[in-house]
Amino acid sequence: MKTLTWTAPDVMTMQEAPEPELQPGWVLLRVEGAAICGSDIAGYLGHNELRHPPLVMGHEFSGTVARLGPGVEGISVGDLVTANPLVSCGQCRHCRQGNRQRCVSRRIIGIDFPGAFAEWVAVPARQCYTIRDRVDGAMVEPYACALRAVGLAGVEIGDEAMVIGAGIIGLMAVRLLRTAGASRVIVVDPNHHRLEQAQAWGATEIVPPDAVAPLGIHQALDRVIDAVGFADTRSLSAQALRRGGCAVWIGLHENESRIAGNAIVRDEVDIRGSFCYTDDEFRRAVDLVNAGQAFPANRDWLDIRPMQTGDVAFAEQASPTARFAKIVLTI
């Protein structure tokens, strides 16, 4: 089968590889769409400690069921599906409590298993969900991430909020914050294309990082979503919170962060981490995407390209002036 393989930092190449072998309980999908994630870009640049070349990445995808592994029931050849890429033990305390994203032995398709930048991908059958559209279905996974992050923020009607980072998860968080009742959502990003796109997602104000200070938001906001994960953005998220506020960190870039700990204590602010999603949140994301409620009608933030041009797409998405919040590759 054809694969788009990451072979070294800044290098993506089309290669041939054997079709995946099916474990009991798994199914083989013919990939219909695979979206480039920000974490894939970090891997591509050599900045992600979990990804090691050579690797077929791709954990945001849709596909048509082509073959069933031993013991598979409840799914049929020909079904158009997306899949939760988290593979967990199912036995630890976290799995039993419905928090598979915290599993001590979790693995992820596209990192620990070959991913969907290929003609075929193997996935657990019980983690497949029927979808209506191959492109929208490939964006269920990041939508589930945003859904969890906004849920953890505990938004209340009338809250004032900020989203740092206008990648796709940040944009999705903007729309979810507004839906949850936030009256003000500031979006901060250095990329003017993505700031413009944020308005279609519901942002009330858009600013580059060097224009944040004049807004006077120090200790003024109820909720902040950091969808970047740099030391500076995490610090900004904490500084912007009013007393009793909540910042949710969902971006993963720099490991070390420096924030004012005494202010967290005295102001009783919450700093919460958000990783992936629960099964219930992924299912809710599927339902909202299938119902057409997840994305704005304006699709200027999206581009669809053949996987054979994936090397160019990765290079473009790695640029600080990237035009699109999301690129979906198709075979």
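The values are calculated or read from the model by the stated rules, or taken from the named source; none is laboratory data. All values reported here derive from a predicted model rather than from experimental measurement. No Cβ is skipped: glycine too gets one built from the backbone with ideal geometry, and neighbour counts run over all protein chains shown.
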Mind telling me which of the residues Asn255, Asn262, Asn298, Asn290 ends up being touching a helix residue (DSSP H, G or I) at 6+ places or on another chain (Cβ under 6 Å), surrounded by fewer than 22 Cβ atoms within 10 Å (Cβ to Cβ), among the polar types (S, T, N, Q) and on the phi < 0 side of the Ramachandran plot?
-> Asn298
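Do we have Ile186 as in contact (Cβ under 8 Å) with a residue 40 or more places away in the chain and surrounded by 18 or more Cβ atoms within 10 Å (Cβ to Cβ) here? Explain how you work it out, then say what you get.
Numbers: in contact (Cβ under 8 Å) with a residue 40 or more places away in the chain: no; surrounded by 18 or more Cβ atoms within 10 Å (Cβ to Cβ): yes.
Judged against the criteria, Ile186 is not a match.
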Which numbered condition Val140 fails, given (1) farther than 24 Å from Arg243 by Cβ; (2) assigned by the TED database to the domain that holds Val265 = (2)
Just checking, which of Ile217, Ile264 is of a type in the set (A, V, I, L, M), in the same structural domain as Met172 (by the TED database), under 14 Å from Ala161 (Cβ atoms) and more than 25 Å from the chain's Cα centre (by Cα)?
-> Ile217
Check whether at least one residue in segment 61-72 is aliphatic (A, V, I, L, M), out of contact with any Leu (no Cβ under 8 Å at 6 or more places or on another chain), surrounded by fewer than 16 Cβ atoms within 10 Å (Cβ to Cβ) and farther than 20 Å from Ala146 by Cβ, and report yes or no.
-> no
Of the residues that make up segment 232-245, is at least one crowded, with 17+ Cβ neighbours inside 10 Å, in contact (Cβ under 8 Å) with a residue 24 or more places away in the chain, touching a strand residue (DSSP E or B) at 6+ places or on another chain (Cβ under 7 Å) and under 22 Å from Cys37 (Cα atoms)?
-> yes
Is it true that Thr82 is β-branched (Val, Ile, Thr), in contact with a Gly (Cβ under 9 Å, 6 or more places away or on another chain), in contact (Cβ under 8 Å) with a residue 40 or more places away in the chain and within 17 Å of Thr330 (Cα to Cα)?
-> yes
Name the single residue, out of those in segment 109-156 being among the small types (Gly, Ala, Ser) and within 14 Å of the chain's Cα centre (by Cα), that is farthest from Pro53 (Cα to Cα).
-> Ala149
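Can you confirm whether segment 106-117 contains a residue that is without any contact (Cβ under 8 Å) to a residue 24 or more places away in the chain, outside the structural domain of Val228 (by the TED database) and either in a loop (DSSP other than H, G, I, E, B) or within 20 Å of Leu302 (Cβ to Cβ) (or both)?
Just the residues of segment 106-117 that are without any contact (Cβ under 8 Å) to a residue 24 or more places away in the chain, to begin with: 106-107.
Imposing the further condition that a residue be outside the structural domain of Val228 (by the TED database) reduces the set to 106-107.
Now drop any that are not either in a loop (DSSP other than H, G, I, E, B) or within 20 Å of Leu302 (Cβ to Cβ) (or both), which leaves 106.
Among the residues of segment 106-117, at least one is without any contact (Cβ under 8 Å) to a residue 24 or more places away in the chain, outside the structural domain of Val228 (by the TED database) and either in a loop (DSSP other than H, G, I, E, B) or within 20 Å of Leu302 (Cβ to Cβ) (or both), which makes the answer yes.
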